[in-house]
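Structure first, commentary second.
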Amino acid sequence: MRIVVPLKPVPDLVEEIDLNADRTGIDREYLTFVLGEWDAQALEEALLIKDAGGAEVVTVGLAHDLEIDQILYTALAKGADVAVKLTDAAGAVPPGPAGIRIADRAALLAGYLAAQPADLVISGVQAADDLDGQLPPTLAALLDLPHVSVAVSVEVDGSSVIVRQEFAAGRLHELQVQMPAVIGVQSARQAPRYAPITRIRQAMQAGGLITCAVSPLPTRAGAVVRGMHRPEANHQAEMLTGSAGDVADQIVGLLRARGLVQR
Amino acid sequence: MVLAEHTGRQVSEETHKLICKARELALALGGLTEVALLGRTDLAGQLDGADIVVTVDHPALSEYLPEAYERTLLDLLAERSPRLLLMSNGTIGLDLAAALSVRWDAALVTAVSALEIEADAVTATAQILGGKVLVRVELPGERGIATLLGGVFEAGTRWSSRDAEVIHVAPPTGLDALRMSLRRVVEADPGDVDISLADMLVSVGRGIESQDNMEIVAELAAALGVPLSASRPVVDAGWLPKTRQVGQSGLKVKPRVYLALGISGAPEHLEGMRNAELILACNTDPGAPIFGVAHYGTTVDLFDLVPELVGKVRG
């Protein structure tokens, strides 16, 4: 069984995010990019399927993505079998106006999957910078495959998968889905495994990233970005300042006034 | 057109908010508000504010099933040709909107926090990067799809229960030969504590960094005699059970006091707690979106603040 896991770096949300000069995208120059948290969950779920019954796990990134080599080597160190970087036929992939159009990313991945089909595509349910939709349903529609997103477990059952789809407040639908299929993972059955730095270094020394030129499938119309801004204007909190002890005093005072702290 | 969401017996609160927004847009564009109600024709009377309710009944639509909903909606979109399809940004929106966008060839914008008509064009503000950046977009052309964040839009005044025109549409062919089926519905485990009933919550986010550090926030919760809750990353990491998760895919809470420690305030989390009476937020990032909804905030490090709080609460 062949499982393809698309991986996408996103800005590390711990850092401050600046906009570019004309405010149509984020300033990528000084940002750290890390694997999207949902993609990390998707990779873990794919590796769990491999652990349970054997599968070839193929991780796929776009060649122009920042930090993609590091992310793919880490995936290999965790147990992925193959790591592929996609370019278009000209050998490059333009990042697009804001670098965030899922439609363009999906078109390229769909081109790859059309040429090299998978039994399962397992992707993060969303990415932190999604604006024009999520990757799994976009890919599935381009490839005319069944899809389920917001999955919290994916287990193989013959020629189908049993997927648990999560709704608000933890309600679940258990679905049986024929393969080939595309699944968007919210969280894996266990926390993503850790890859020791020595194993990542070994993967880097061994090389092994495959570059693959593909023809993107045609995709849909997109929303037009008019501009971006940061939400400072919505700042409404009264800020408590001083030492940690001073702030703790103020918070305890607020709780005491509401009868939540007696002493 | 609004896609109604229901849990079988009841139309969701978010659906009422979508209808309210759709009505406002329809008035601006000189159109009508239609609601697509799949699987439960009997709930049409709950859809106050709709001019037209389009219903489709089929056993495959009795509960949400992605492929059945997608095929049915594509048929309805082709037949009814709405200017705009509004969906919630919850599970169904995340599952369907992008696929409909490709198949219906319509521009899509997700995680929308504002939506309006400007000179006959539909413009939206979307939140990306955990709410740290707002994007203004235009949905060009004659059709578009927007998924609206929960907890942002108001249900407003319910329109009187005037009767909407109800149109029954035959289900599309192929619903008996889907590539997926629903095996069962698993109701949520009630868990040890119902955090939605708590007077106060100590809630912890990604800023707690590791499972070992959970001990200090658990100590604070114990000192206050209140439950510990969390944002999604903490639950996904397995540091607290799902029953303690606040947010879109967890529980919606409205305690008297919500103390958010190391929570940045992604839109999905804010949806679950923004109606708390008093929100206190501690995050070292002064730009964290949580400060947009908190009443009081501090950028003091939680690892310095929490031990101080424990000491002072214990007296």
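Brief remarks follow.
- Scanning segment B:120-147 for residues that are in contact (Cβ under 8 Å) with a residue 24 or more places away in the chain, surrounded by fewer than 19 Cβ atoms within 10 Å (Cβ to Cβ) and more than 7 Å from chain A (Cβ to nearest Cβ) returns B:Asp120, B:Glu142.
- Residue check for B:Gly150: under 30 Å from A:Leu260 (Cβ atoms), within 14 Å of chain A (Cβ to nearest Cβ) and touching an Asp or Glu at 6+ places or on another chain (Cβ under 6 Å): yes
- Some residue of segment B:36-50 being among the charged types (D, E, K, R), assigned to a helix (DSSP H, G or I) and surrounded by fewer than 23 Cβ atoms within 10 Å (Cβ to Cβ): yes
- Summed over segment B:214-224, the residues that are in contact with a strand residue (DSSP E or B) (Cβ under 9 Å, 6 or more places away or on another chain) and without any contact (Cβ under 8 Å) to a residue 40 or more places away in the chain give a count of 4.
- Unmet requirement for A:Asp51, which otherwise passes all of (1) surrounded by fewer than 22 Cβ atoms within 10 Å (Cβ to Cβ); (2) touching a residue at least 40 places away in the same chain (Cβ under 8 Å); (3) not aromatic (Phe, Trp, Tyr): (2)
- Wholly within segment A:1-94, strands (runs of 3 or more DSSP E) carrying at least 3 residues that are small (Gly, Ala, Ser) and touching a Ser or Thr at 6+ places or on another chain (Cβ under 7 Å): none
- Restricting segment A:200-213 to residues that are surrounded by 14 or more Cβ atoms within 10 Å (Cβ to Cβ) and over 21 Å from the mean Cα position of the chain (by Cα), the residue that is farthest from the other protein chains (Cβ to nearest Cβ): A:Met204
- Some residue of segment B:101-110 being at the interface with chain A (Cβ under 9 Å from one of its Cβ atoms), more than 14 Å from the chain's Cα centre (by Cα) and polar (S, T, N, Q): yes
- Members of segment A:162-172 found to be crowded, with 22+ Cβ neighbours inside 10 Å and part of a strand (DSSP E or B), listed by number: A:Val163, A:Gln165, A:Glu166
- Filtered by the rule that a residue be away from chain A (no Cβ under 12 Å), under 24 Å from the mean Cα position of the chain (by Cα) and outside any loop (DSSP other than H, G, I, E, B), segment B:211-233 gives B:Leu228, B:Ser229, B:Ala230.
- Taken over segment A:111-160, the criterion of being in a loop (DSSP other than H, G, I, E, B), within 13 Å of the chain's Cα centre (by Cα) and touching a residue at least 60 places away in the same chain (Cβ under 8 Å) is satisfied by A:Val125, A:Gln126, A:Ala127, A:Ala128, A:Asp129.
Quick grid of which residues meet (1) within 14 Å of another protein chain (Cβ to nearest Cβ); (2) in contact with a Lys or Arg (Cβ under 8 Å, 6 or more places away or on another chain); (3) surrounded by 16 or more Cβ atoms within 10 Å (Cβ to Cβ); (4) among the charged types (D, E, K, R):
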| site | (1), (2), (3), (4) |
| --- | --- |
| A:Thr198 | no, no, no, no |
| A:Pro218 | yes, no, no, no |
| A:Ala221 | yes, no, yes, no |
| A:Gly227 | yes, yes, no, no |
| A:Asp246 | yes, no, no, yes |
| A:Gly253 | yes, no, no, no |
| A:Gly259 | yes, no, no, no |
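- Filtered by the rule that a residue be more than 25 Å from A:Asp129 (Cα to Cα) and surrounded by 13 or more Cβ atoms within 10 Å (Cβ to Cβ), segment A:229-244 gives A:Ala237, A:Met239, A:Leu240, A:Ala244.
- Positions within segment A:71-86 being closer than 11 Å to A:Ala203 by Cβ and either without any contact (Cβ under 8 Å) to a residue 40 or more places away in the chain or over 17 Å from the mean Cα position of the chain (by Cα) (or both), in sequence order: A:Ala77, A:Gly79
- Among all residues of segment B:73-83, there is none that is within 26 Å of B:Arg232 (Cβ to Cβ) and either hydroxyl-bearing (Ser, Thr, Tyr) or at pLDDT 95 or above (or both).
- When B:Val246, B:Val193, B:Val257 are screened for being more than 8 Å from chain A (Cβ to nearest Cβ) and either under 20 Å from B:Ala288 (Cβ atoms) or among the charged types (D, E, K, R) (or both), only B:Val246 passes.
- Residue in segment B:62-74 that is part of a helix (DSSP H, G or I), β-branched (Val, Ile, Thr) and surrounded by 23 or more Cβ atoms within 10 Å (Cβ to Cβ) present: yes
- Taking (1) at the interface with chain A (Cβ under 8 Å from one of its Cβ atoms); (2) at negative phi in turn, B:Ala288 satisfies each apart from (1).
- The set of residues from segment B:88-99 being more than 7 Å from chain A (Cβ to nearest Cβ) and either more than 19 Å from the chain's Cα centre (by Cα) or buried (at least 24 other Cβ atoms within 10 Å of the Cβ) (or both) comprises B:Ser88, B:Asn89, B:Gly93.
- Residue match in segment B:75-87 (condition: within 14 Å of chain A (Cβ to nearest Cβ) and within 16 Å of A:Asp130 (Cβ to Cβ)): yes
- If you check A:Ala115, A:Ala128, A:Ala191 for being at the interface with chain B (Cβ under 7 Å from one of its Cβ atoms), aliphatic (A, V, I, L, M) and out of contact with any Leu (no Cβ under 8 Å at 6 or more places or on another chain), only one passes: A:Ala191.
- Any hit, segment B:170-192, residues being crowded, with 21+ Cβ neighbours inside 10 Å and more than 24 Å from B:Cys20 (Cβ to Cβ): yes
- If you go through segment B:56-81 and pick out every residue that is hydroxyl-bearing (Ser, Thr, Tyr) and more than 21 Å from B:Ala97 (Cβ to Cβ), you end up with 1.
- Within segment A:56-68, the set of residues being at pLDDT 95 or above and surrounded by fewer than 20 Cβ atoms within 10 Å (Cβ to Cβ) comprises just one member, A:Glu56.
- For segment B:195-213, the criterion of being free of Cβ contacts under 8 Å to residues at least 40 places away in the same chain and surrounded by 24 or more Cβ atoms within 10 Å (Cβ to Cβ) is satisfied by no residue at all.
The values are calculated or read from the model by the stated rules, or taken from the named source; none is laboratory data. In this text the structure is predicted, and so the values were computed from the model without any measurement. For neighbour counting, all protein chains shown are included, and Cβ atoms are generated from backbone atoms with ideal geometry for every residue, glycine included.
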